[in-house]
1. I'd like to check which helices (runs of 4 or more DSSP H) are fully inside region 157-269 and have at least 1 residues that are farther than 20 Å from Gln287 by Cα and within 20 Å of the chain's Cα centre (by Cα).
2. Conditions first: (1) within 22 Å of Leu368 (Cα to Cα); (2) of a type in the set (Val, Ile, Thr); (3) surrounded by fewer than 19 Cβ atoms within 10 Å (Cβ to Cβ). Thr306 passes all but one, so which condition is the exception?
3. Among the β-branched types (Val, Ile, Thr), assigned to a helix (DSSP H, G or I) and either in contact with a Ser or Thr (Cβ under 6 Å, 6 or more places away or on another chain) or within 15 Å of Ile337 (Cα to Cα) (or both) - does that describe any residue in region 31-49?
4. Within region 101-115, is there a residue that is at positive phi and surrounded by fewer than 22 Cβ atoms within 10 Å (Cβ to Cβ)?
5. So Ile319 passes all but one of these: (1) closer than 30 Å to Val206 by Cβ; (2) aliphatic (A, V, I, L, M); (3) assigned to a loop (DSSP other than H, G, I, E, B); (4) touching a strand residue (DSSP E or B) at 6+ places or on another chain (Cβ under 9 Å). Which condition number does it fail?
6. Tally up the residues in region 222-267 that are more than 14 Å from Leu389 (Cα to Cα) and either modelled with pLDDT under 95 or among the hydrophobic types (A, V, I, L, M, F, W, C) (or both), please.
7. How many residues are at pLDDT below 95 and under 22 Å from Thr120 (Cα atoms) when one looks only at region 177-192?
8. When the residues of region 250-295 are filtered to those that are surrounded by 19 or more Cβ atoms within 10 Å (Cβ to Cβ) and among the hydroxyl-bearing types (Ser, Thr, Tyr), which remaining residue is nearest to Asp181 (Cα to Cα)?
Amino acid sequence: MTIEAGRSSKHSRIRYGMVGGGQGAFIGAVHSIAARMDNEYELVAGALSSDPARAKASATDIGLPAERAYCSFAELFEREAGRPDRMEAVAIMTPNHMHFPVADMALRYGFHVICDKPLTTTSAEANALAVLAKETGLVFAITHNYTGYPMVRQARAMVARGEIGDMRVVQVEYPQAWLTDLVEATGQKQAEWRTDPARSGAGGCVGDIGTHAFNLACFVTALRPAAVLAELSTFVTGRQLDDNVHMLLRFQGGARGMLWASQVAPGNENGLRVRIYGAKGGLEWSQEDPNYLWFTPHGKPKQLITRGGDGIWPEAARITRTPSGHPEGYLEGFANIYAEVARAIRAHRERRAVEPGVLYPTIEDGVLGVRFIEAAVDSSKRGNLWVEL
């Protein structure tokens, strides 16, 4: 088997900047590690915090030169746009309510965008960004990083080639425990903004991790969602947004699904799991054991497919980094998204089509994710009625 991912680029690295991700932000380090892993990117600038002092201190921590450590995203774009060595792309890792203004300005200044999910807090903003991205022709990616795992790509390829037959049932869950108590009242930064509707948007758990579960179900099956019926619950007294979601899904073509996402499930850490069942068999994958995919042909013994192992399909092999038996996980999956986006940016540089097989979550996926959140909130508020997407 040929191991494709992880090869250094022979071309000049893509110069990129960051908005957000400064001191105290878990995801900033994840982005920067993922971008460096394949030597495809060089971090050259940043507006790492809305607080100027913290922005400067954060830039010093990661070695950014003082003249390219900016105090606001507006200053970042204005100053970088005039440099001969200007950054080419920006990674956005702010609280949700800032995604739209940052991404909108980035596109208008001619920068490619890599944005955390959800794309925006309203579908009106999401649609506006989609129109602008199409007009500019710039690359716009959403970091639904779980789509970067090799065995997720294996599952998607098997579904596409009919290995499990006509789709019938999709089960996806994403339980965590970290918000079981009113953590936001202690000043914990990540909990504080994620449970604040002014910064997170109308959805709490459904927007934070429910969108990941929904995206994974759609990505692996390639099914288009038709409608949702949701019950959003807030179990912790004093919390402003939902912390648990139960949902039924209807897909175009007749398949049915169930989604459970919870941040108040003691004993769970990051339990994203998807099960897919068709007329000819089923597939199961778990994020906490990501190097294995279970395949059960109807009427035959269960089969374990291993990342990097015998019989792996090309779609998984091209983003596999290490031989079988050497675990790959969260950072590598995230890095695969960055690597795929790098291929798209290079194609844009060279004014050519992107190579076949390059796959990453696009702005269209981001728009669908925002519609999903709004439909779930609407369904729950209306007494758990079906709402079309």
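The values are calculated or read from the model by the stated rules, or taken from the named source; none is laboratory data. It should be emphasised that the depicted structure is a prediction, and the values quoted were computed from it without experimental measurement. Every residue, glycine among them, receives a Cβ derived from its backbone with ideal geometry; neighbour counts consider all protein chains shown.
1. Numbers: elements: 189-194, 197-200, 211-221.
Passing ranges, in order: 189-194, 197-200.
2. (1)
3. So in region 31-49, the residues among the β-branched types (Val, Ile, Thr) come out as 33, 44.
This time we only want the ones that are assigned to a helix (DSSP H, G or I), so: 33.
Filter again for either in contact with a Ser or Thr (Cβ under 6 Å, 6 or more places away or on another chain) or within 15 Å of Ile337 (Cα to Cα) (or both), leaving 33.
Yes, the conditions are met somewhere in region 31-49.
4. Of the residues in region 101-115, the ones at positive phi are 110.
Narrowing further to those that are surrounded by fewer than 22 Cβ atoms within 10 Å (Cβ to Cβ): 110.
The answer is yes; a qualifying residue exists.
5. The single condition Ile319 does not satisfy is (4).
6. Let us first name the residues in region 222-267 that are more than 14 Å from Leu389 (Cα to Cα), namely 222, 231-246, 253-267.
Now restrict to residues that are either modelled with pLDDT under 95 or among the hydrophobic types (A, V, I, L, M, F, W, C) (or both): 222, 232, 235-236, 241, 245, 255, 258-261, 264-265.
Count: 13.
7. Within region 177-192, the subset at pLDDT below 95 is 187-190.
If we keep only those that are under 22 Å from Thr120 (Cα atoms) too, we end up with 189-190.
Count: 2.
8. So, considering only residues that are surrounded by 19 or more Cβ atoms within 10 Å (Cβ to Cβ) and among the hydroxyl-bearing types (Ser, Thr, Tyr), the one nearest to Asp181 (Cα to Cα) is Ser262.
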